[in-house]
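Chemist: Shown below is the structure under consideration.
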Amino acid sequence: MESLPATTTSAANSESEPEIAPSAARLLKAWETPRGWRYWSAVNNSEVGLWYTVTSFAFFLFGGVLALLMRIQLAVPGNTFLTADQYNQIFTMHGSVMMFLFAVPIFEAFSIMVLPEMLGARDLPFPRLSAYGYFSFLIGGIFVCGSLFFGAAPKGGWFMYPPLTSAFQDGVGADIWLLGLTFIEIASIAAAIELIVGVLKCRPPGMRINLIPLYCWYILVVAGMILFAFPPLIAGDILLEMERAFDWPFFDPKRGGDPLLWQHLFWIFGHPEVYIVFLPSIALMAMMIPTFARTPMVGYSWVVLSAVGTGFLSFGLWVHHMFTTGLPGISIGIFSAASQAVAIPTGVQIFCFLATLTAGNVKRSVCLLFIFAGLATFIIGGLTGVMVAVAPFDFQAHDTFFIVGHLHYVLIGGTIFPIMAAFYYFFPLVTGKQLSERVGTIVFWLVLIGFNVAFFPMHILGLLGMPRRVFTYPEGMGLDLWNLISSIGAFVLAAGFVVFLIDVFRPRRQQALSERNPWQAGTLEWLAEMPDQPWGVRSIPVINSRYPLWEQPGFVNDVDEARFYLPDAEEGKRETIVSSVIDATPIQCLRVGGPTFLTFFAALFTGGFFIFATYHWWWPAILSGVIACGVILRWVWTGTAWIPEKESKDVGLGVSLPLYLSGPQAVGWWAMFITMTADVTAFMSLVFGYFFYWTIHDDYPPDPLPGPGVFWPVTGMLLLLVAYGLTLLARHWNRRDFGARFYLLLSLAALFTVGGTGALLAGPWLTGLAPTEHVYPAVVWVLVGWTALHAVLGVVMQLYCLARRAAGRMTARYDADIVNVALYWHFLALTVVITVGVIAGFPSVS
């Protein structure tokens with residue numbers, strides 16, 4: 001394949017630029033980052049993404065220090081550097097920090113920061129949601145990590161298996177893990193929603209779905225995986241916390257529970273999590289390899305299909321972690337085959353990368369060194385993964401250090417090396433200056449040697465029989481030398497990161513700004529000036545290729561000369577373009593929210609709810625939750641679904657776009673749909689728990705059935721379905737501008753919702769179902785409580801729409817609020833029907 005010519009620099013650095021044009025001045029004013037103490041009210045993707053990235057990396061360093069403490073303890077046999085209790089806390093926090101506070105957040109952070117530039121957009125569609133997610137992540141992370149300094153950290157492993165964490169651990173450590181990380185998981189889902197809608201709806205005109213950067217495809221796959229992987233863990237967290245806080249016996253075999261339910265829910269999350277962590281690293285490689293090969297990616301479509309296939313197959317592998325739990329042989333065989341099959345799409349991606357490097361004219365760089373190391377270490381980890389996918393081998397190796405070595409080769413080798421490459425590659429985009437290639441080479445060799453010396457001996461230790469999750473070991477077992485070597489390697493690895501940090505944070509005042517597009521890349525993010533402007537892109541371009549900086553003549557000049565869309569901000573508003581999902585046809589000029597402290601206070605009081613609940617301080621928790629709801633309502637009331645001063649706007653190139661949309665074309669509708677998809681996934685995980693108990697018990701549901709009967713659940717269902725119908729009718733009459741009918745129908749809908757919720761709760765209440773006596777009443781109460789809570793939220797939404805219409809903030813034309821609420825009620829109606837079918841219908845036919 002013929003290599004493409006490098007793009008040329010078309011604009012000088014900011015020092016030599018001419019006087020700024022009035023349109024550019026207005027654009028800069030609209031997108032200006034606040035200064036002073038107001039800086040922390042910023043919601044720009046560049047600022048929030050930078051905060052997110054720095055915080056994630058700080059948690060990574062914290063987790064690394066914990067790892068060094070463990071390696072000191074295990075360096076020699078019989079060591080007393082740490083007590084068993086201290087080791088268990090550090091061991092648990094190390095895994096939890098690396099998985100929940102670094103591995104997933106770092107990819108979401110980087111995506112929030114760079115994705116708008118990759119898409120040629122001004123910002124993502126919900127910048128305030130990104131800020132809320134960041135502050136939630138920060139507060140939750142500090143809360144969880146801070147527990148270690150008070151001797152109150154969780155100590156049941158990052159997997160938190162009951163009954164170890166339910167019946168045999170006192171204190172609040174497990175509660176901190178369950179509630180603190182649930183708070184963080186919600187923030188991760190919020191970021192996933194932002195990224196999915198951003199990729200699908202905020203692409204530049206012409207960037208059809210088959211032209212989007214490969215990184216964006218991976219983001220779609222991974223964010224979609226988060227929507228289906230995190231909710232089962234949240235459901236499991238709810239059940240385990242209910243057992244710890246209220247003695248509901250979900251995992252207590254004496255009262256019908258079973259600890260294996262936790263393992264199913266955890267690993268339905270846990271194995272996709274491996275690919276949620278790995279695929280973004282592959283995505284970074286997919287962006288960098290064509291740049292350094294000076295040629296487009298070979299097999300673009302194959303890479304996309306294999307990424308989608310990897311994401312799909314990853315949900316069929318969770319039993320891979322449960323081979324030693326006594327499952328039937330047929331189940332083990334099926335999941336063993338699936339665990340090996342996932343290597344096929346992964347291999348396709350790697351071969352496409354190698355083909356691209358072979359076809360191009362490769363330019364040497366420290367980035368490529370890290371990429372090659374990442375591919376090599378992941379392949380080693382993949383090979384050991386195939387070994388443990390074979391059940392007889394896994395029976396022997398499952399509880400040994402072999403698994404620790406395998407895990408780190410996949411998760412650390414397969415992710416850290418590409419992330420390090422990305423630091424060097426994208427650093428000029430963030431700071432306007434480059435990192436040292438010479439120092440980077442030193443960092444590379446220290447990290448590569450330290451990593452392999454630290455983790456390869458763990459495979460040997462495992463084969464020699466050293467169990468994992470132990471804080472010491474006796475002499476004379478042949479483990480001493482390999483453990484010492486592993487500990488030395490860990491410190492060499494740490495030295496590499498110290499040198500890296502010195503290079504990142506050394507003073508750069510005397511260093512010249514990087515040239516624009518220093519790597520001569522072909523994708524849109526390298527339109528950025530050095531240093532970058534807060535507007536993201538001077539004008540939103542028209543795209544007709546995958547590498548426009550290489551393949552569209554005069555492209556950079558046309559963007560800089562504001563010859564495309566939205567070259568001005570006449571009204572002083574922050575605006576970007578919304579496009580159709582498949583063809584990227586422009587359909588709306590979207591106005592997004594500006595700086596606000598509401599996101600911080602919403603996160604603060606949401607965090608307060610979880611933190612106070614951890615210590616069973618129920619009244620402060622309730623108060624904090626109520627304040628959080630009030631702040632969020634204020635945020636939504638003042639910051640969404642604005643009625644514009646005019647119907648449409650000329651966005652340039654003779655195109656006029658509406659300023660307001662509702663329904664499936666609108667970004668708010670997509671956000672509600674995606675949110676409720678995740679919500680229903682969590683609900684179905686609870687339903688899975690109900691039927692899991694049915695499969696393991698001969699007398700489930702119990703006979704005679706203690707409740708909740710049929711009358712009250714069915715009555716509640718009918719009332720809620722009437723409320724659902726009235727809500728849809730209210731939407732219908734609002735569109736026809738019959739205000740009186742709208743108010744009447746939606747008011748009746750709220751009343752029927754209250755009545756239906758009461759009837760639903762009356763079933764288990766009046767039949768005397770005691771959730772502490774047996775798992776059956778506990779599961780019934782959880783399903784009813786989940787549905788009732790969502791019905792209460794449905795009432796709040798109905799009242800909100802009544803208030804919006806009364807205040808003139810919602811009309812027949814500008815009806816996004818009631819349209820989105822109706823969409824919520826579609827999912828609520830489905831939840832109601834399933835709940836009643838399970839608790840009232842299934843016992844009648846089983």
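Chemist: Read phi for every residue in region 678-694 and hand back ³J(HN,Hα) as whole Hz from Karplus 6.51 cos²θ - 1.76 cosθ + 1.60, θ = phi - 60°, with x for Gly and Pro.
Modeler: Couplings: 5, 4, 5, 4, 4, 4, 5, 5, 5, 4, 4, x, 4, 7, 4, 5, 4 Hz.
Chemist: Taking 1 over the mean of 1/r across every pair of different Cα atoms in region 577-734, what Kirkwood radius in Å do you get?
Modeler: Details: mean 1/r = 0.0480 Å⁻¹.
Over region 577-734, the inverse of the mean reciprocal pair distance is 20.8 Å.
Chemist: Leaving ligands and nucleic acids out of the surface, order R469, R438, R203, R509 by accessible area at 1.4 Å, largest first.
Modeler: Working: R469 85, R438 170, R203 0, R509 220 Å².
Result of the area sort, largest leading: R509, R438, R469, R203.
Chemist: Here's a follow-up. Each residue of region 347-362 in turn: what ³J(HN,Hα) in whole Hz from Karplus with 6.51, -1.76, 1.60 and θ = phi - 60°, glycine and Pro shown as x?
Modeler: In residue order, the calculated couplings are x, 4, 4, 5, 5, 5, 5, 5, 5, 5, 5, 5, 6, x, 10, 6 Hz.
Chemist: Here is a follow-up. Find the centroid of the Cα atoms in region 165-219 and in region 805-824, then give the distance between the two in whole Å.
Modeler: 28
Chemist: Normalised by the residues of the chain, what does the relative contact order come to in percent, with Cα pairs under 8 Å and at least six apart? Write down the numbers at each step before the final one.
Modeler: Numbers: 1421 pairs, mean separation 143.1, N = 846.
Computed value for the chain: 17 percent relative contact order.
Chemist: Turning to a different aspect of this structure: Using only Cα positions of region 495-551, each an equal point scatterer, no hydration layer, compute I(q)/I(0) via Debye at q = 0.13, 0.25, 0.28 Å⁻¹ and quote the log10 values to two decimals.
Modeler: Listed by q, the Debye log ratios stand at -0.52, -1.04, -1.14.
Chemist: Net charge near A584: determine it from the other residues with C-beta under 10 Å of the C-beta of A584, scoring Lys and Arg +1 and Asp and Glu -1.
Modeler: Working: positive: K201, R203, R208; negative: D583.
With Lys, Arg at +1 and Asp, Glu at -1, the net is +2.
Chemist: Quick one: net charge of L746's neighbours, Cβ under 10 Å, K/R +1, D/E -1?
Modeler: Values: positive: R731, R741, R805; negative: none.
Combined, the nearby Lys, Arg, Asp and Glu give +3.
Chemist: To continue, here is another question. Under the Karplus relation 6.51 cos²θ - 1.76 cosθ + 1.60, θ = phi - 60°, what is the ordered set of whole-Hz ³J(HN,Hα) values for region 323-336, x standing for Gly and Pro?
Modeler: Each residue's phi maps through the Karplus curve to give 4, 8, 8, x, 6, x, x, 5, 5, 4, x, 4, 6, 5 Hz.
Chemist: Which value in deg cm²/dmol, rounded to the nearest 500, describes the helix-derived mean residue ellipticity at 222 nm for the chain, given -39,500 (n - 2.57) per DSSP H run of n ≥ 4 and division by the residue count?
Modeler: Details: 27 runs with 518 residues, N = 846.
Helix contribution divided over all residues of the chain: -21000 deg cm²/dmol.
Chemist: Taking only Cα atoms of region 333-457, what ratio of Rg to Rh do you get with Rh as the Kirkwood inverse-distance radius? Could the numbers behind the result be given before it?
Modeler: Working: Rg = 16.9 Å, Rh = 16.1 Å.
Computed over Cα atoms, the ratio is 1.05.
Chemist: Right, something else. What per residue convex hull volume, in Å³, comes out for the chain when only alpha-carbon positions are used? Can you show the working numbers first?
Modeler: Values: hull volume 135.7 nm³, N = 846.
Convex hull of Cα atoms, per residue: 160 Å³.
Chemist: Still on this structure, I have one more. Rounded, prolate or oblate: which fits region 119-158 when a ≥ b ≥ c are the square roots of the eigenvalues of the alpha-carbon gyration tensor, with rounded for a/c under 1.5 and prolate only if a/b beats b/c? Write out the running numbers ahead of the final one.
Modeler: Values: a/c = 5.16, a/b = 3.23, b/c = 1.60.
Prolate, since a/c reaches 1.5 and a/b exceeds b/c.
Chemist: While we're looking at this one, here's another question. Where Rh is the Kirkwood radius over the Cα pairs of region 518-662, the temperature 37 °C and the viscosity 0.692 mPa s, what D in µm²/s does Stokes-Einstein return?
Modeler: Values: Rh = 18.6 Å.
Reported coefficient: 177 µm²/s.
Chemist: What share of Cα pairs, in percent, lie more than 12 angstrom apart in region 445-489?
Modeler: Details: 597 of 990 pairs.
For region 445-489, the fraction of Cα-Cα distances above 12 Å is 60 percent.
Chemist: Sort largest first and round to whole Å: the equivalent ellipsoid semi-axes of region 62-146, each the square root of five times a Cα gyration tensor eigenvalue. Don't skip to the end; give the middle numbers.
Modeler: Numbers: eigenvalues 278, 36, 8 Å².
They are 37, 14, 6 Å, listed from largest to smallest.
Chemist: Quickly rank 227-238, 598-609 as a protection proxy: mean count of other C-beta atoms within 10 Å, highest first. Numbers along the way, then the final one.
Modeler: Numbers: 227-238: 23.6, 598-609: 22.1.
My ranking of the peptides, most packed first, is 227-238, 598-609.
Chemist: Continuing with the same structure: Under the rule of at least 5 residues apart or a separate chain, name every residue whose amide H is placed under 5 Å from the amide H of Q588.
Modeler: V578
Chemist: Further question: Using only C-alpha atoms and all pairs of different ones, pull out the Kirkwood radius for region 733-846 in Å with one decimal.
Modeler: Numbers: mean 1/r = 0.0639 Å⁻¹.
When all Cα pairs of region 733-846 are included, the Kirkwood radius is 15.7 Å.
Chemist: Need the C-alpha centroid separation for region 413-437 versus region 771-797, integer Å.
Modeler: 47
Chemist: So, taking all protein chains as they sit and a 1.4 Å probe, how much accessible area belongs to T325, in Å² rounded to tens?
Modeler: Ignoring ligands and nucleic acids, T325 comes out at about 40 Å².
Chemist: Right, next: If you look for lysine pairs in the chain that are eight or more places apart or on different chains, how many of them have Cα atoms under 20 Å apart? Before the final figure, lay out each step's value.
Modeler: Numbers: K29/K573; K29/K649; K201/K573; K201/K649; K363/K433; K573/K646; K573/K649.
Lysine pairs meeting both conditions in the chain amount to 7.
Chemist: Please give the Cα centre distance for region 31-55 versus region 291-368, rounded to the nearest Å.
Modeler: Measuring centre to centre over Cα atoms gives 36 Å.
Chemist: How long are the semi-axes of the equivalent ellipsoid of region 240-334, defined as square roots of 5 times the Cα gyration tensor eigenvalues? Whole Å, largest first.
Modeler: Details: eigenvalues 327, 54, 13 Å².
They are 40, 16, 8 Å, listed from largest to smallest.
The values are calculated or read from the model by the stated rules, or taken from the named source; none is laboratory data. Everything quoted here is computed from the prediction, not taken from an experiment. Positions of Cβ are generated from backbone atoms using ideal geometry, with glycine treated the same way; all protein chains shown enter the neighbour counts. Surface areas here come from the heavy atoms of the whole protein model, side chains and all, with no ligands, DNA or RNA. Shrake-Rupley method; radii C 1.70, N 1.55, O 1.52, S 1.80 Å.
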